[in-house]
Amino acid sequence: ILFSVRHIPLKFLELATSRLVLSDDGNDLKLTGISCSVQFISKMPATLRASQAGDHMYPAAATVVDLIKHRGTVNKYYMYVIQVTTMDSTMYYIFRRYSAFNTLHENLEEKFPIEAGSINMHDRTLPYLPPKKYGGRSSVRSVAEERAPQLITYLKELCALPKKIYHDDLVRAFLRQQLHDDLPYELPSTGPVFSEARTRSSSLKSVSSKPKP
């Protein structure tokens with residue numbers, strides 16, 4: 001079956017090119033010489049298909065609301081469920097490992113050395129990411145849970161940065177819904193497992209529980 005590129009949104013092609021799957025079973029779509037699996041389009045998240053045009057789809061807020069275990073082909077690890085709200089109030093979920101946060105953070109520090117405080121620490125505006133735990137593993141739930149409140153704060157501060165950074169391609173790519181985000185997920189009926197309010201409450205308990213001198 002032949003399809004002209006003009007029938008495929010340009011932004012879709014930009015997302016697709018790095019995840020093409022070659023096949024010789026005779027059922028491929030031909031996009032001007034590029035082959036991709038028929039399932040590639042059908043598995044595209046609905047929100048992603050609907051978010052191809054306009055600045056109104058820029059993320060306006062993002063926060064960690066839950067934690068899920070993912071079993072890979074080799075190992076298991078936990079992924080943070082992030083609720084993203086766009087400027088037109090569209091809401092969707094994405095799933096990111098701590099390593100994805102760390103990669104984003106390192107790339108931002110490299111791209112914005114002034115805001116990272118690399119030249120002068122007094123100029124730093126980038127938020128701080130919770131450090132790697134070399135003694136802990138991403139497959140341990142307690143380690144992932146411990147990071148959640150800090151990641152909520154990180155995302156909140158990231159969303160409050162000037163557009164120069166917050167609307168940068170690095171941040172947009174991190175918060176954009178991708179193919180692996182097409183996972184079956186429903187927010188628990190009791191609400192977010194993690195939230196800013198619960199984070200504050202937890203901090204207050206921690207402070208109040210310290211023994212008095």
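The values are calculated or read from the model by the stated rules, or taken from the named source; none is laboratory data. The model shown is predicted, which means the values in this text are computed figures rather than measured ones. With ideal geometry, Cβ positions are generated from the backbone for all residues, glycine too; neighbour counts draw on all protein chains shown. SASA here: full protein model, heavy atoms, side chains in, ligands and nucleic acids out. Shrake-Rupley method; radii C 1.70, N 1.55, O 1.52, S 1.80 Å.
Based on this model, can you work out whether Tyr98 counts as open to solvent by less than 40 Å² (accessible area, probe 1.4 Å), among the hydroxyl-bearing types (Ser, Thr, Tyr) and either out of contact with any Ser or Thr (no Cβ under 9 Å at 6 or more places or on another chain) or over 17 Å from Phe194 (Cβ atoms) (or both)? First the steps, then the outcome.
Numbers: open to solvent by less than 40 Å² (accessible area, probe 1.4 Å): yes; among the hydroxyl-bearing types (Ser, Thr, Tyr): yes; either out of contact with any Ser or Thr (no Cβ under 9 Å at 6 or more places or on another chain) or over 17 Å from Phe194 (Cβ atoms) (or both): no.
No, not satisfied.
Per the listing Lys156, Lys164, the residue uniquely surrounded by 14 or more Cβ atoms within 10 Å (Cβ to Cβ), out of contact with any helix residue (DSSP H, G or I) (no Cβ under 6 Å at 6 or more places or on another chain) and assigned to a helix (DSSP H, G or I) is Lys156.
Considered as a group, the residues in segment 98-124 that are hydroxyl-bearing (Ser, Thr, Tyr) and free of Cβ contacts under 8 Å to residues at least 40 places away in the same chain include one that is farthest from Thr153 (Cα to Cα), and that residue is Ser118. Inside segment 163-206, residues that are aliphatic (A, V, I, L, M), at pLDDT 90 or above and closer than 20 Å to Arg97 by Cα make up a count of 4.
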